[in-house]
Amino acid sequence: MSLLQLEDLVVGYGAFPVLHGVSFTVDEGEVCVLLGLNGAGKTTTVATIAGLVRPWSGSVRFAGGELGHKSPSARVASGISLCPEGRRVFPGLTVQQNLKLGGWTRRKHSGIVRDQLALVFDYFPRLAERSGQLAGTLSGGEQQMLAVGRALMSRPSLLLIDEASLGLSPTVARVVWEVTHRIKADGTTVLMVEQNAGALPYADKALIMEKGTLTYTGVGEQVQQIDLREAYLGA
Ligand code: ATP
């Protein structure tokens, strides 16, 4: 069943269109990777789903309902969480404080916040070891783990991750990508935006975007057999 459905989405900034009629679905319980080069429109896509950018036309449906003009915070409350490009952790707060802020929409349900915190520490033991450390003093990889963890604190049904691998070594990027399988197994559907095709082995579905248009969609076995030179690099 589709958890997320984008239909003919047209989005732009000022007078300039960036997405030219993008349509795709993400099924419940899958890890989907949206791959594309710089400026393809990947961030614009997830920002639109998160409600940070308003589409010119087209629709975004989530869990069977039209998101329309729903605010970003209402989208978080309804189960959509974004881990933004560039991590954006709060440097002057500790790891644990950053995580607790991510659970703000669940603050009246202390049991959920406690469970999510335990889950995040289980996914990323490095964060548990550093729970009292200021986020600004963490390594880039640890900050990325923290950003993903913070986004998980609201117990989303859909987690959007924007370029987790940016600036990370291949080994650390793999740590983050590998966790998506556990996140999926624990009931959260994942849509990852990536420039790095190294994320493909972790995906159940792959979408390739070029200049605001989807040029390829593949599922299952097809994902592992993508001819990247043709599909991604346009060779
Ligand atoms: P990257 O991998 O470099 O982050 P991307 O695929 O995520 O790229 P977007 O960030 O969505 O691409 O950008 C798509 C286009 O929209 C680019 O040409 C960019 O300059 C433009 N753009 C993005 N945000 C804005 C904005 N706030 N105002 C004006 N133009 C923008």
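The values are calculated or read from the model by the stated rules, or taken from the named source; none is laboratory data. Note that the structure is predicted; figures quoted are calculated from it, not measured. Here the Cβ is made from the backbone with ideal geometry for all residues, glycine too, and neighbour counts use every protein chain on show. Quick note on the areas: whole protein, heavy atoms, side chains included, nothing else; ligands and nucleic acids left out. Shrake-Rupley method; radii C 1.70, N 1.55, O 1.52, S 1.80 Å.
Accessible area ranking (1.4 Å probe, heavy atoms, ligands and nucleic acids excluded), largest first, for Val18, Val179: Val18, Val179. If you wrap the tightest convex hull around every Cα atom of the stretch 16-55 and split its volume per residue, you get 85 Å³.
Both radii were evaluated on the Cα set of the chain; the Rg over Rh quotient, with Rh as the Kirkwood radius, amounts to 0.95. For the stretch 21-156, a simple Cβ point-charge model (Lys and Arg +1, Asp and Glu -1, everything else neutral) yields a dipole of about 520 debye relative to the Cα centre. Dipole size of the chain about its Cα centre, with +1 on Lys/Arg Cβ and -1 on Asp/Glu Cβ: approximately 1020 debye, rounded to the nearest 20. Overall shape of the stretch 1-91 was characterised from the C-alpha gyration tensor. The equivalent ellipsoid obtained from it has semi-axes of 18, 18, 15 Å, in decreasing order. By a 1.4 Å probe calculation restricted to protein chains, Lys100 has an accessible surface near 110 Å², given to the nearest 10.
Summarised as an ellipsoid, the stretch 82-187 has semi-axes of 19, 16, 12 Å, derived from the eigenvalues of the Cα gyration tensor scaled by 5 and square-rooted, with the largest first. Find which of Gly58, Phe16, Ala135 sits farthest along the positive direction of the dipole of the chain, computed with +1 on the beta-carbon of Lys and Arg, -1 on that of Asp and Glu, about the Cα centre. Checked the options; the winner is Ala135. Helix 170-185 and the longest principal axis of the C-alpha atoms of the chain enclose an angle of approximately 90°. Principal axis analysis of the Cα atoms in the stretch 38-119 yields extents of 39, 32, 19 Å, listed in decreasing size. Residues Leu101, Leu138 ordered from highest to lowest accessible area at a 1.4 Å probe: Leu101, Leu138. Computed over the chain with a Gaussian network model linking Cα atoms closer than 10 Å, the most mobile of Arg114, Arg155, Arg61 is Arg114. The phi-based Karplus calculation (6.51 cos²θ - 1.76 cosθ + 1.60; θ = phi - 60°) puts the 3J(HN,Hα) values of the stretch 8-18 at 6, 6, 10, 9, x, 10, x, 9, 9, x, 10 Hz, whole numbers, x for Gly and Pro. The Cα-based radius of gyration and maximum Cα-Cα distance (Dmax) for the stretch 151-229 are 12.8, 38 Å. The fraction of accessible area contributed by carbon and sulfur in the stretch 82-201 is 53 percent, rounded to a whole number (1.4 Å probe; ligands and nucleic acids excluded).
The residues of the stretch 110-231 present an accessible area of 42 Å² per residue when probed at 1.4 Å with all protein chains retained. Cα-based values for the stretch 138-177, radius of gyration first and Dmax second, are 10.2, 29 Å.
Packing, taken as the mean count of other beta carbons within 10 Å per residue, orders the peptides 122-135, 82-95 from highest to lowest as 82-95, 122-135. Distances between placed amide hydrogens fall under 5 Å for Glu210 paired with Thr215, all partners being 5 or more residues away or on another chain.
Kindly state, to the nearest 0.05, the FRET efficiency for Glu129 paired with Arg174, given R0 = 25 Å and r defined as their beta-carbon distance. Result of the calculation: an efficiency of 0.80. Result for the chain in a Gaussian network model with C-alpha springs under 10 Å: among Gly64, Gly14, Gly102, the largest mean-square fluctuation is at Gly14. Positive end of the dipole of the stretch 150-217 (Cβ unit charges, origin at the Cα centre): among Leu200, Leu160, Thr171, the Cα lying farthest that way belongs to Leu160.
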